[in-house]
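This report concerns only the one structure given below.
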């Protein structure tokens with residue numbers, strides 16, 4: 001079971017696609033969002049969730065005060081689940097939550113994406129190749145706001161993501177089989 005941990009939609013249960021996704025555990029999300037709240041990175045943020053799965057990361061951000069969220073998922077079943085979860089969160093929050101679900105491949109979406117995005121979650125399938133992740137990061141960089149935070153979730157056995165110009169590594173945190181890689185946009189992200 002996956003749920004919204006805190007905020008205006010706190011404790012709301014979310015659907016999880018029946019196959020092909022790997023939801024971020026509540027423990028990892030709780031730690032991640034504690035750090036994001038400490039950095040004051042959520043209030044009013046424009047959030048992008050790539051490889052959204054259930055949408056739990058972006059929807060948690062909206063519950064905790066992000067202004068808008070774009071969730072990108074190409075798998076039809078998972079995209080339908082994201083759409084239903086987004087509708088539940090919008091209803092629970094009771095305001096015009098600006099949540100958009102894009103049924104698209106990540107690379108296709110990023111080729112026409114319009115930012116600026118303040119916070120980006122990239123939680124690809126563990127079998128996604130390093131080359132495709134690097135390409136996604138290259139396409140993402142020009143859409144980032146100054147000082148935007150980009151968090152990549154990968155298997156702990158995966159190498160550190162190769163960051164393009166415009167992104168600098170900040171830290172990583174391992175949670176068993178999962179590692180979160182934090183990076184930040186620099187002023188050159190839009191060059």
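The values are calculated or read from the model by the stated rules, or taken from the named source; none is laboratory data. Computed from a prediction, not measured in an experiment: that's the story for all the values here. Ideal geometry is used to build each Cβ from the backbone, glycine not excepted, and the neighbour counts take in all protein chains shown.
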Practice item. Would you check if there is a residue in the range 72-82 being within 20 Å of residue 116 (Cα to Cα) and modelled with pLDDT of 95 or more? Key: yes
Study note, to complete from the structure: In the set 145, 141, 136, the lone residue that is in a strand (DSSP E or B) and either out of contact with any helix residue (DSSP H, G or I) (no Cβ under 8 Å at 6 or more places or on another chain) or surrounded by 17 or more Cβ atoms within 10 Å (Cβ to Cβ) (or both) is 145
Check your understanding: Is at least one residue of the range 94-106 free of Cβ contacts under 8 Å to residues at least 12 places away in the same chain, over 23 Å from residue 16 (Cα atoms) and surrounded by fewer than 17 Cβ atoms within 10 Å (Cβ to Cβ)?
Key -> yes
Exercise for review: Return only the number of the condition from (1) free of Cβ contacts under 8 Å to residues at least 60 places away in the same chain; (2) more than 12 Å from the chain's Cα centre (by Cα) that residue 28 does not satisfy.
Suggested key: (1)
Exercise for review: Kindly check whether there is at least one residue in the range 113-125 that is surrounded by fewer than 21 Cβ atoms within 10 Å (Cβ to Cβ) and more than 21 Å from residue 59 (Cα to Cα).
Suggested key: no
Check your understanding: Can you pull out the residues in the range 16-31 that are modelled with pLDDT under 80 and either surrounded by fewer than 17 Cβ atoms within 10 Å (Cβ to Cβ) or under 16 Å from residue 62 (Cα atoms) (or both)?
Key -> 18, 19, 20, 25, 26
Check your understanding: How many residues are touching a helix residue (DSSP H, G or I) at 6+ places or on another chain (Cβ under 9 Å) and under 12 Å from residue 66 (Cβ atoms) when one looks only at the range 26-42?
Key -> 4
Check your understanding: Can you tell me which of 170, 153 is loosely packed, with under 13 Cβ neighbours inside 10 Å and on the phi < 0 side of the Ramachandran plot?
Key -> 170
Study note, to complete from the structure: If we keep only residues of the range 53-96 that are assigned to a loop (DSSP other than H, G, I, E, B) and in contact with a strand residue (DSSP E or B) (Cβ under 8 Å, 6 or more places away or on another chain), then the residue farthest from residue 10 (Cα to Cα) is 73
Check your understanding: Within the range 161-177, how many residues turn out to be assigned to a loop (DSSP other than H, G, I, E, B) and either free of Cβ contacts under 8 Å to residues at least 12 places away in the same chain or closer than 23 Å to residue 132 by Cβ (or both)?
Key -> 7
